[in-house]
Amino acid sequence: MINVNQTQEKRSKVFNANTAFYVFNAIFMIAFVIITLYPVLNTLAISFNDGTDAVRGGIHLIPRKFTLHNFAVVFRSQNMIQAAIVTVGRTALGTLIALILNALLAYIVSRKDFLFKSELSLFWVITMYVNGGLIPVLLLYKNLSLTGTFWVYIIPGAVSAFNMLVMRTYMLGIPEELEESAKMDGAGYFTIFLKIISPLCKPVYATVALFVAVGHWNSWFDAMLYNRMKIENTTLQYELMKLLSSAMQQSGTATGGGNAVGGNTVTPITIRSAATIATMAPIVLLYPFLQRYFVTGLTLGGVKG
Amino acid sequence: MSRLGSASGYRRRKRQQENMRKEITWKEIKYQKTLIIWAILFVIYGFIFYYLPLGGWLMAFQNYKAKTGLFGSEFVGLSKFKWLFNDESFWNTVRNTLGMGIINLVTSFIMAIVFAILLNEVKSTGPKKVVQTISYLPHFLSWIVVTGILQDALSSTGIINEVLMKVGILDQPFNFFLQPKLFWPIVAFANLWKETGWNAIIYLAAITAIDPELYEAAEIDGAGRWQKIKNITLPGIKSTIMILLLMNAGNVLNAGFELQYLLENGAIVDWSRTIDIYVLKWGVSQNDFSLGTAAGIFKSVVSIGIIVVANELAKRTGEERLF
């Protein structure tokens, strides 16, 4: 009798500990989600709020005085339109070129019979650890006349050892037998790459393409460094960065007044929020459809084989 | 047992065959000429964009002038390095870079592992998926966007000030961006906010790969949750942790640029400026290419040193290593 009681007591203790843990874990996860999402949603609310009104504070998830003016100001600015064109262009073209070149290089070093495969791999792996640094690279681009052009976004970063290695790992996992019949039919290396390997590599191609595309979309430093004087080559993130630093400087003085635009007011803070939202919107909207590729990519590339 | 043995033996033999290099003969070269031509093009490309800049390191030993160029500028030996090492603000940037790099490295590791273990304990797949999907969304936002969001959250009317004032810790809004002491924690927090979910993916994958029988056996032996985590989960992902620590150790000096650059102001510059920003200020804004290059070389050399030391330590303790 005593024994049964004891086990019951023990069980209920375990049960209590379990419940306590699950409650704690649930609270932790909910807090995590709130901390992740709240700041984004708050910026979203401010971006749809009237400028002078926003300065009063107290806006949380819903705009208090709804307006689309902040976005109107952002999209009417000539620089932003140009920046959007350049950003879309570099994302599309840069991703395409990077994908083709990385895939080709990965294909070459993944050929088991290639005479110089280990030398070529080493040549590229070294680039992951050693680099010339900011100033020598800037000097090189100047000498190559790449600075001040759109191509500085596309050409230098197209091949990256990391992306190449991710693709190589995937290609090495493709059974050789699949190429055998094509080889017997006399297919050359290029035909095998195009007809046999590439169709099988679609998942890894998608992953690398997404990584590269997000990188292009998010980059601003190259625009600032190589195209500071060329407003026609500006990018969205760089324009946003300029807005942020001007809002930062004015935030002390501009708290009181805003600029009236057709009856509504905008302030650096609401403009900044609107530009932030506009710049991140494409990624957030595409994110649900693409995220599985991101995860595949990390598990493919992260654990170095 | 014998079947296993012979299978692995077969695999080993096959791998040896694969690794055996073909002899370089004209016939083979002719057969592989497509591959070789492409390889040469890739080597030329890589040489220009990755190896040629290393030649620019010459500038650090010169008084580089754009007019005279890399080959005509006057050599000044180590005087640029001497100037650099005598510059107090340079050592501030070294301290800041290392400090923030190490804090970021440690906090992001701990948070990612804790998050992965806790998320793994969430048993219903629906909520688990939702939390995970949300958790790595910030990874895909640029640092600029994150800075914008951070400025909103920490502004005088932002949520942090609001909460602190409601709780009664503060009487009036506090300007977080003017506090040198708070800068490193703010950077660490922003880094955690952006990367925790993303960093956790790899640990989650590693945890999933642990044999479930181990947990069942432990349960039969009466192990509690904490004991299971300590004795099964953590040892199970130890090699992943070590590999990632090693890979990230070399990046410690890269751990700070964008946020520090965007949030820099006169009040906190002594504690916010990193080596990269120093290079940018001197090399680009002040147009002193030589000094910028010298600081860049310092960073590269220290980085490689850290990688080598970390690798050596890992080798000594018998853990995984990079090379």
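The values are calculated or read from the model by the stated rules, or taken from the named source; none is laboratory data. This one's a predicted model, so the numbers in the text were calculated from it and none came from an experiment. Note: ideal-geometry Cβ built from the backbone for every residue, glycine included; neighbour counts use all protein chains shown. These accessible areas exclude ligands, DNA and RNA; they are computed on the full protein's heavy atoms, side chains included. Shrake-Rupley method; radii C 1.70, N 1.55, O 1.52, S 1.80 Å.
Among the aromatic types (Phe, Trp, Tyr) and farther than 17 Å from residue A:136 by Cβ: which single residue out of B:75, B:61, B:90, B:49 fits that description? The match here is B:90.
Residues being closer than 30 Å to residue B:138 by Cα and part of a helix (DSSP H, G or I): count how many of those fall in region B:196-225. Count: 13. Residue A:109 falls short on exactly one of the conditions (1) more than 30 Å from residue A:280 (Cβ to Cβ); (2) open to solvent by less than 10 Å² (accessible area, probe 1.4 Å); (3) within 8 Å of chain B (Cβ to nearest Cβ), and that condition is (3). No other residue among A:91, A:43, A:52, A:95 is part of a helix (DSSP H, G or I), in contact (Cβ under 8 Å) with a residue 40 or more places away in the chain and open to solvent by less than 10 Å² (accessible area, probe 1.4 Å) apart from A:43.
Among the residues of region A:162-177, is there at least one that is outside any loop (DSSP other than H, G, I, E, B), closer than 30 Å to residue A:224 by Cβ, charged (D, E, K, R) and open to solvent by 60 Å² or more (accessible area, probe 1.4 Å)? Within region A:162-177, not a single residue is outside any loop (DSSP other than H, G, I, E, B), closer than 30 Å to residue A:224 by Cβ, charged (D, E, K, R) and open to solvent by 60 Å² or more (accessible area, probe 1.4 Å).
All of B:253, B:259, B:245 fail the test of being touching a residue at least 60 places away in the same chain (Cβ under 8 Å), open to solvent by 40 Å² or more (accessible area, probe 1.4 Å) and under 18 Å from the mean Cα position of the chain (by Cα), apart from B:245. Suppose we filter region B:138-161 for residues that are open to solvent by 20 Å² or more (accessible area, probe 1.4 Å), part of a helix (DSSP H, G or I) and within 7 Å of chain A (Cβ to nearest Cβ); how many remain? Total satisfying the criteria: 1. Taken over region B:249-280, residues that are more than 11 Å from every other protein chain (Cβ to nearest Cβ) and either aromatic (Phe, Trp, Tyr) or in a helix (DSSP H, G or I) (or both) amount to 9.
Among the residues of region A:207-228, which ones are surrounded by fewer than 21 Cβ atoms within 10 Å (Cβ to Cβ), closer than 16 Å to residue A:99 by Cα and more than 11 Å from chain B (Cβ to nearest Cβ)? Answer for region A:207-228, where residues must be surrounded by fewer than 21 Cβ atoms within 10 Å (Cβ to Cβ), closer than 16 Å to residue A:99 by Cα and more than 11 Å from chain B (Cβ to nearest Cβ): just A:209. Residues of region B:120-137 that are within 7 Å of chain A (Cβ to nearest Cβ) and part of a helix (DSSP H, G or I): B:121, B:131, B:133, B:134, B:135. Among residues that are aliphatic (A, V, I, L, M), out of contact with any strand residue (DSSP E or B) (no Cβ under 7 Å at 6 or more places or on another chain), closer than 23 Å to residue A:131 by Cα and surrounded by fewer than 18 Cβ atoms within 10 Å (Cβ to Cβ), residue B:84 is not included. When residue B:20 is tested against (1) at pLDDT 85 or above; (2) open to solvent by 100 Å² or more (accessible area, probe 1.4 Å); (3) among the aliphatic types (A, V, I, L, M), exactly one condition is not met: (1). Looking at region A:24-58 only, could you name the residues that are within 8 Å of chain B (Cβ to nearest Cβ) and β-branched (Val, Ile, Thr)? A:33, A:35, A:36, A:40, A:43, A:46, A:55, listed by residue number.
Is it the case, given these coordinates, that residue B:68 is within 30 Å of residue A:281 (Cβ to Cβ) and within 14 Å of another protein chain (Cβ to nearest Cβ)? Against the criterion (within 30 Å of residue A:281 (Cβ to Cβ) and within 14 Å of another protein chain (Cβ to nearest Cβ)), residue B:68 does not qualify.
The single condition from (1) open to solvent by less than 30 Å² (accessible area, probe 1.4 Å); (2) more than 24 Å from the chain's Cα centre (by Cα) that residue B:94 fails is (2). Of the numbered criteria (1) in contact with a helix residue (DSSP H, G or I) (Cβ under 8 Å, 6 or more places away or on another chain); (2) surrounded by fewer than 15 Cβ atoms within 10 Å (Cβ to Cβ), the one residue A:118 fails is (1).
Results for (1) within 13 Å of chain A (Cβ to nearest Cβ); (2) under 24 Å from the mean Cα position of the chain (by Cα), shown as yes or no for each residue.
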site: B:171; (1), (2): no, no
site: B:174; (1), (2): no, no
site: B:177; (1), (2): yes, no
site: B:184; (1), (2): no, yes
site: B:190; (1), (2): yes, yes
site: B:197; (1), (2): yes, yes
site: B:201; (1), (2): yes, yes
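If only residues of region B:267-286 that are open to solvent by 50 Å² or more (accessible area, probe 1.4 Å) and touching a residue at least 40 places away in the same chain (Cβ under 8 Å) are counted, the one that is nearest to the chain's Cα centre (by Cα) is B:273. Could you tell me whether region A:184-194 includes any residue that is of a type in the set (D, E, K, R) and either part of a helix (DSSP H, G or I) or touching a Ser or Thr at 6+ places or on another chain (Cβ under 6 Å) (or both)? No; the residues of region A:184-194 include none that is of a type in the set (D, E, K, R) and either part of a helix (DSSP H, G or I) or touching a Ser or Thr at 6+ places or on another chain (Cβ under 6 Å) (or both).
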